[in-house]
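I have placed the structure first, in the form of structure tokens, so that the comments after it can refer back to it.
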Amino acid sequence: MPKIKLNLISGRTIQQGVSMEGGKEKPAYREACGIIEMDPADVKRLGIWVPANVRVTSPYGSVVVKAINATMGPHPGVAFIPMGPWANQVVDPNTYSTGMPTFKGTPVEVEPAEMEKVLGSIELVQSTTRKGVVK
Amino acid sequence: MTKLVTDVICPFCGTLCDDLEIEVSDDGKKVTGVYNACAIGAEKFLHSAAADRVTRPRMQQADGSYKEVSYDEAVEYAARVLANAKKPLMYGWSSTSCEAQSKGHEIAELVGAVVDNTATVCHGSTLIALQDVGIPSCTLGEIKNRADRILFWGCNPAHAHPRHMSRYSIFPRGFFTGKGHKGRKMIVVDPRVTDTAKLADVHLQVEQGRDYELLSALRVAIRGNKLPDVVAGIRKERIYEAADLLKSGRFGIIFFGMGVTQSLGKNHNIDEAIMLTKDLNDYTKFSIMAMRGHYNVTGSGEVLGWQYGYPFCVDLSRGFARYNPGETSSNDLLVRGEVDAVFVIGSDPGAHFPISSVRKIAELPSVAVDPHITPTTEISKLHVPVAFVGVEVAGCCYRMDNVPIESRKVVEPPEGMLTDEEFLERVLQRVKELKAEQGAAAAAAKGKVTA
Ligand code: SF4
């Protein structure tokens, strides 16, 4: 399986804001934030046809999201997951004595994950935080 | 028949637009239409009328499911969790009114809590920087009326503050800016070609995480000193060009966001941005302002500031106020396991904290006060739904430029639902009783020992 290394950032999008206010338990929130925006050059390197599910892994965690072409590119080498529970599965929690986790600039590996599912926000957070619940 | 309520404040982002028009049903109970708001603001008002809204508190059961409980039971549980904890974390506050914040702080003092707001994951580094070096700032009205050089650094208002550009920064015609956007120059610094960057006269596509270098290079360029060929992925000619553009204005402003606060360097990036502003004042008038996210995160900083002298992560566990970001800040406390209960109000750490912190919240006794269902409410032991501030209850909020604005009530909350302030008041009263009992029990035990 091919795997590529990218620099991950997160942040707001208008769809993130609208779907969040519409209800984080709704599928629209997953559709808006359970995605990774990748530069077309990186999509090509990975050898996938977007949209396609991918697994994003960092030293801090791993999550399945849907890869799409960057809407605000080009930015080869940089990947973007809208702020929310999906991005937060993999971001760098270190605050380096400032209180602020390092939400932007996490090194990640991305690989195809066609057979895996993008979880809804509640399911995702419950399954990764509750003891005894298998992921 | 419906009626139209005018001059309504939008309680979503720090722009705090004050010109919304809301159409409500004749009985004043339901929002039926929203005018003038952006898509996010409109959704916020409309969601208050959602049919599937939770209207009663819910407790988590042993199997992870939730069972409806009364507000009395919810008050009792929340008060006990707080009164019995050694060092509870009381987090959030950014989506509620200053009145509720102040009430919550009374509880925090009594129970020796750490009070932290969402700045801890958004502009906390900014607050550290402005305490270190000060901040030359202004109001959004001054920008509308005077600013002809607008620099957006690491922020994307087209998505995060959708009406900021049309109401204040780029498009409006003001007293000295009669030509609107034609008389203004817009510069955007961002590693992506954002929808804001697409509108700019100049876009500097900085290499991610190299903000400090580029800020320093601009300071060098402004003084006309020599630069290496490329800094932070940008050719020096473009940096000189941008520096000249900034210097040539009559009134400039730097707006900055998460691109600067959340990248490595954190508060030092902002130190440098403030110093750039200071340098620019040698040539023209320049200001700098943080693009604050939640509609009342600024208010939370203000209320904490008046009461304890610090704008976020205030530790009251020793009976006096301590402040040390990195030590008394939410994520550090959670990851290091230094708090033994979590009370969340007006925010959603379950969605917006790194998962390592969320895991800790799920393990601890926890209360989430929120009108919505969120990842936080679904991992907390108790979820208390409340009325929407700015929709169903009025209250004071602070805009991103530190201007207080009174939000308005436009509709009635669902029957029997408490507001944040009412819930906090009831918890406060119960905590007082519990603390008195604890005090009496401790005194009796001491008496026994000495006797
Ligand atoms: S820009 Fe912000 S305050 Fe204005 S309507 Fe949109 S969400 Fe509300």
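The values are calculated or read from the model by the stated rules, or taken from the named source; none is laboratory data. For clarity, every value in this text was computed on a predicted model and none was experimentally measured. Cβ: placed from backbone, ideal geometry, glycine included. Neighbour counts: every protein chain shown. Side chains included, ligands, DNA and RNA excluded: accessible areas come from the protein's heavy atoms. Shrake-Rupley method; radii C 1.70, N 1.55, O 1.52, S 1.80 Å.
Rounded to a whole number, what % of the accessible area of the protein assembly as shown do carbon and sulfur atoms account for, probe 1.4 Å? It is 53 percent, rounded to a whole number.
Couplings 3J(HN,Hα) for the range A:27-42, derived from phi with the Karplus relation 6.51 cos²θ - 1.76 cosθ + 1.60 (θ = phi - 60°), are x, 4, 5, 5, 5, 7, 10, x, 10, 10, 8, 10, 5, x, 5, 6 Hz, where x marks Gly and Pro.
Note that the range B:398-410 has calculated 3J(HN,Hα) couplings of 10, 6, 4, 9, 6, 8, x, 9, 7, 6, 10, 8, 10 Hz, one per residue in order, obtained from phi through the Karplus relation 6.51 cos²θ - 1.76 cosθ + 1.60 (θ = phi - 60°); glycine and proline are x. Scalar couplings 3J(HN,Hα) for the range B:52-68, obtained by applying the Karplus form with A = 6.51, B = -1.76, C = 1.60 to θ = phi - 60°, are 8, 5, 7, 10, 10, x, 9, 10, 6, 9, 4, 7, x, 7, 10, 10, 5 Hz; x denotes Gly and Pro.
Debye sum, Cα scatterers, the range B:222-381, no solvent: what log₁₀ I/I(0) at q = 0.18, 0.19 1/Å? The computed values of log10 I(q)/I(0) come out as -1.18, -1.27. Shape summary of the protein assembly as shown, radius of gyration then Dmax from alpha carbon positions: 23.9, 84 Å.
Our note on the geometry: Cα centres of the range B:341-401 and the range A:1-56, 25 Å apart.
Once you compute Rg and the Kirkwood Rh from C-alpha atoms, what is the Rg to Rh ratio for the range B:1-56? Numbers along the way, then the final one.
On the way: Rg = 11.4 Å, Rh = 11.7 Å.
Using only Cα positions, Rg/Rh for the range B:1-56 is 0.98.
Scanning residues 5 or more positions from A:Ala79 or on other chains, those with amide H under 5 Å from its amide H are A:Asn7, A:Leu8, A:Ile9, with H placed 1.01 Å from N in the peptide plane.
Of all beta bridges that DSSP places with both ends in the range B:329-451, some 35 percent have antiparallel geometry. With a Cα cut-off of under 25 Å and a minimum spacing of 8 residues unless on different chains, the lysine pairs in the range A:1-107 number 12. Can you tell me what percent of all Cα-Cα pairs in chain B are more than 31 Å apart? Pairs farther apart than 31 Å: 45 percent. Need one word for the range B:11-161: rounded, prolate or oblate. Basis is the Cα gyration tensor (sqrt eigenvalues a ≥ b ≥ c); a/c below 1.5 gives rounded, then a/b vs b/c decides. Judged from the Cα gyration tensor, the range B:11-161 comes out oblate (a/c at least 1.5, b/c at or above a/b). With the simple model of a label 7 Å out from the Cα in the direction of the Cβ, B:Phe176 to B:Asp229 spans 4.2 nm. Mind checking the range B:215-291 for trypsin sites (Lys or Arg not before Pro) that DSSP puts in a loop (not H, G, I, E or B) and that have at most 14 other Cβ atoms within 10 Å? The qualifying sites are B:Arg223, B:Lys226, B:Arg250. Heavy-atom accessible area buried between chains A and B is around 4400 Å² (1.4 Å probe, both sides summed).
Mind checking A:81-94 for the average number of partner chain beta-carbons within 10 Å of each residue's beta-carbon?
5
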